[in-house]
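One structure below.
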């Protein structure tokens, strides 16, 4: 976290980054006022729109690692499709899920919105690559993903990390005590 704080303190990362939501980061990047942006693949389509100042000037790369890092990992999310146990139409819901997960629909979603899919073939499909050239690079990023931790305490863990990391980056806490406080809060939540 000390390195992250140096980026903010030096001005490499603007102070505003401390409160950015995804759209804020996207807007700064799209205007050409940021060298890097960590975002989801949908941002590719936005940045390649005909009115985008950065159209044709961006790429995709794995997340960087620190000095001791070897493999960069992205987090794995999902478009969780589920059937409510109270559904009066579970068979139709299952048919819809199968349709949405089909290779053809995933290809259409990749073409239309640059959303990533679960089929490896999408990342080598000539139509998808033509529409979204970054998919050939995105595949190498996605093969090194890990799921978010599966824990009933995820909200508490996430909130504690957000609070203390933000405080350290803003300068109201120092990095190591902030990490220690987050660790203590997380351990308290888990031990409840």
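Laboratory data are not the source of any read-out in this text; all were calculated from the coordinates shown. None of these values were measured; they are calculated from a predicted model. Here the Cβ positions follow ideal geometry from the backbone for every residue, glycine too, while neighbour counts run over all protein chains shown.
A few points about this structure:
- Based on the convex hull around the alpha carbon atoms, the chain presents an average projected area of 14.3 nm².
- For the chain, the longest principal axis of the Cα atoms and the long axis of helix 175-191 meet at an angle of about 60 degrees.
- A simple spin-label model places the labels of residue 121 and residue 163 4.9 nm from each other, with each point 7 Å out along Cα-to-Cβ.
- Every pair of different Cα atoms in region 78-144 enters the Kirkwood calculation, which places the hydrodynamic radius at 13.0 Å.
- The modelled label-to-label distance between residue 36 and residue 184, using points 7 Å beyond Cα along the C-beta direction, is 3.2 nm.
- Sequence of 68, 172 once ranked by neighbouring C-beta atoms within 10 Å, starting from the fewest: 68, 172
- Full extension of the chain segment joining residue 104 with residue 151 gains 13.6 nm, where the gain is 0.36 nm per residue of separation less the Cα-Cα distance.
- Distance in nm between pseudo-label sites at residue 23 and residue 75 (7 Å out along the Cβ direction from Cα): 2.0
- Against the chain, whose longest principal axis is taken from its Cα atoms, helix 90-100 shows a tilt of about 80°.
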